[in-house]
Structures are given as C-alpha cells and as structure tokens.
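For reference, the structure discussed in these notes is given below.
The values are calculated or read from the model by the stated rules, or taken from the named source; none is laboratory data. If you're wondering where the values come from, they're calculated on a predicted model, not measured in any experiment. Please note: Cβ atoms are built from the backbone with ideal geometry, for glycine as well, and neighbour counts cover all protein chains shown.
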Amino acid sequence: MRRLVLLLCLWLVPLTAAAEPLAILELRFVEVPPALAAAVRARLVAALAAYYRPVTGEAEVLRRNAEAGLAPGCTVGPCLTRVGKILGAERVLLAAVSGHGSSFDLNLTLLE
C-alpha cells in the first residue's frame with residue numbers, strides 16, 4: 001500500500017504549484033482498514049494541497065452544498081457543474097479505494 005500512496009502522490013503533484021481551486025466532493029473507502037484509510041486520506045489531501053490552491057475539504061463541500069440546497073448524493077451528471085459554481089472550484093475530485101484481501105483498487109475522477 002505504501003507504493004500505491006507514493007505513486008499517487010507523485011502522479012498528483014507536479015513540480016510547481018498551481019493557483020487552481022479544487023473541491024474534494026467525496027473520498028470513499030470500501031473494506032479498507034480504518035487506520036489505512038486515515039493514512040491514505042491524509043496523504044492524498046496533503047498531495048493535493050501541495051498543488052491546488054485552495055483545496056476545499058469534504059466537510060466544507062457538504063456544508064456549502066447543503067446551504068445551496070444541493071442533494072448530498074450529487075456525484076454525477078449536471079449537478080457537478082453546479083457544485084463547481086457553488087464552491088468556486090476549477091476542479092472537483094471524487095475518489096474511491098476498495099480493498100480486496102491484500103489488493104486495493106484506486107479510482108480517482110478529477111473533473112474540470
């Protein structure tokens with residue numbers, strides 16, 4: 001799993017920082033031990049924060065979407081455009097890590 005996190009961080013963080021806002025809409029973990037999920041979440045958010053300015057976390061995204069009357073399950077379709085407008089984000093991230101025994105699947109969707 002360490003290799004996965006390292007590769008993920010290298011892939012997400014170019015050499016120079018950008019001034020593009022990013023909103024983390026969802027980081028979902030399925031059958032991943034809680035300690036590992038917390039470590040992956042922390043490293044992923046740190047890697048994103050090293051490149052995107054600012055990064056709006058999941059809790060803030062949920063709060064602001066609720067204030068705007070947007071359903072919490074908005075993860076596909078036209079409502080994602082609205083999410084970006086509500087948050088003033090250039091990009092919206094949806095991520096899922098699924099555990100299968102000693103193997104893990106990582107699915108990252110970065111929408112512009």
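Only one of (1) modelled with pLDDT of 90 or more; (2) touching a Pro at 6+ places or on another chain (Cβ under 9 Å) is not met by P34, so which one is it?
Tallying (1) modelled with pLDDT of 90 or more; (2) touching a Pro at 6+ places or on another chain (Cβ under 9 Å), P34 fails exactly one: (2).
Do you know which residues across the range 9-29 are part of a helix (DSSP H, G or I) and either loosely packed, with under 15 Cβ neighbours inside 10 Å or modelled with pLDDT of 60 or more (or both)?
L10, W11
Looking for something at pLDDT 85 or above, touching a helix residue (DSSP H, G or I) at 6+ places or on another chain (Cβ under 8 Å) and within 18 Å of T109 (Cβ to Cβ) - is there at least one such residue anywhere in the range 58-67?
There is at least one residue in the range 58-67 that is at pLDDT 85 or above, touching a helix residue (DSSP H, G or I) at 6+ places or on another chain (Cβ under 8 Å) and within 18 Å of T109 (Cβ to Cβ).
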